[in-house]
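Data block below; observations after.
The values are calculated or read from the model by the stated rules, or taken from the named source; none is laboratory data. Here the structure is a predicted model, which means the values were calculated and not measured. Because the Cβ atoms are built from the backbone with ideal geometry, glycine has one as well, and the counts that use them run over all protein chains shown.
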Amino acid sequence: DAITIADLEKLAILGYGNGGTVYKVCHKATSATFALKIIRSNIDINTRRRALTEISILRRATDCPNVVRFHGCFEKPIGELAILMEYMDGGSLETALATHGKFSEEKLFLVARSILNGLAYLHAHNIVHRDIKPGNILVNTKGEVKIADFGVSKLMNHTFEMCYSYVGTNAYMSPERFNPDAYGGSYNGFAADIWSFGLTLFELFVGHFPFLEPGQRPNWATLVCGICFNDPPTMPETASPELRNFIACCLKKEPSERWSTTQLLNHPFMCKDFITC
Ligand code: ADP
């Protein structure tokens, strides 16, 4: 039977996002736990648009084991939209990094393979995520790793459709998104997800955002200059040659040279034998 909002009891706040709050909820009849994102969508049109985008994308991706599972949505007369999702009890990779510190190469391999599987699924379904970063990757104690937060994602109607409509900015954005004119404007957004994926893995391995020194406070202008005008960052020697090359394939500045999900799934790092896992 379909779950209604009256069947759910709020247990705790899991986090705050753009225009909404995410609660841990309990389905009273079965005691099953879920995450419920409540968005005050009557406040402004962009918040509502983000929520509707997230719902439409999550609906399309319910059979991917590396995308947070969608269980339904509700609209309240007072102008709230609520999205019921699977509850990820381990929180995000951003929290995991802050709590447990840098990831070992074995741990990074497992995380990378899961995110890549999720991205391969999304890209095969013409979905560009556009906001891949440690805070948007959730984990659970079963060891599953899943992509979340599809508020700024885009369904590409045409393979070569351009992807400039997203006006947000964040540090994980690729050079061609900061500076489209320098790249001939002929990119379609899939490669931008790969850049953000590469930076995410880099950060998890070294413990800090790649373009900044440890503890350095982000200065937006310096950061953007670094991304657009410097060579891409290179992984430290402590990483295996396979991992270093894998990250280099994700962080090619020229989007047409950056590897696709299909290529990366066949990269030697993805085929490496880790004794511990
Ligand atoms: P927004 O899209 O508004 O930025 P997010 O989807 O990123 O919101 O959610 C905000 C925070 O809530 C996340 O960083 C995470 O800590 C928590 N959260 C979101 N979805 C879940 C979930 N399914 N399970 C557990 N925690 C979640």
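Odds and ends about this structure:
- The residue that is surrounded by the fewest Cβ atoms within 10 Å (Cβ to Cβ), among those in the stretch 25-43 that are within 13 Å of the ligand (Cβ to nearest atom) and among the charged types (D, E, K, R), is ARG40.
- Screening ILE5 with (1) buried (at least 17 other Cβ atoms within 10 Å of the Cβ); (2) touching a residue at least 40 places away in the same chain (Cβ under 8 Å); (3) out of contact with any Asp or Glu (no Cβ under 6 Å at 6 or more places or on another chain) gives one miss only, at (1).
- Single condition ILE247 does not satisfy, out of (1) in a helix (DSSP H, G or I); (2) modelled with pLDDT under 95; (3) under 24 Å from ALA148 (Cβ atoms): (2)
- Looking across the stretch 128-143, the residues that are over 14 Å from ILE194 (Cβ atoms) and crowded, with 21+ Cβ neighbours inside 10 Å come down to ASN136, ILE137, LEU138.
- Each residue in the stretch 211-245 was checked for being touching a Phe, Trp or Tyr at 6+ places or on another chain (Cβ under 6 Å) and among the basic types (Lys, Arg), and 0 pass.
- Scanning the stretch 107-130 for residues that are among the aliphatic types (A, V, I, L, M) and out of contact with any Gly (no Cβ under 7 Å at 6 or more places or on another chain) gives LEU108, LEU110, VAL111, ALA112, ILE115, LEU116, LEU119, ALA120, LEU122, ALA124, ILE127.
- In the stretch 47-62, of all residues being within 11 Å of the ligand (Cβ to nearest atom) and either assigned to a strand (DSSP E or B) or aliphatic (A, V, I, L, M) (or both), the one that is modelled with the lowest pLDDT corresponds to ALA51.
Residues are listed down the side, and each one gets a yes or a no for (1) within 15 Å of the ligand (Cβ to nearest atom); (2) among the β-branched types (Val, Ile, Thr); (3) over 30 Å from ASN266 (Cα atoms):
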residue: TYR23; (1), (2), (3): yes, no, yes
residue: ILE45; (1), (2), (3): no, yes, yes
residue: GLY72; (1), (2), (3): yes, no, yes
residue: LYS76; (1), (2), (3): no, no, yes
residue: LEU84; (1), (2), (3): yes, no, yes
residue: ALA98; (1), (2), (3): yes, no, yes
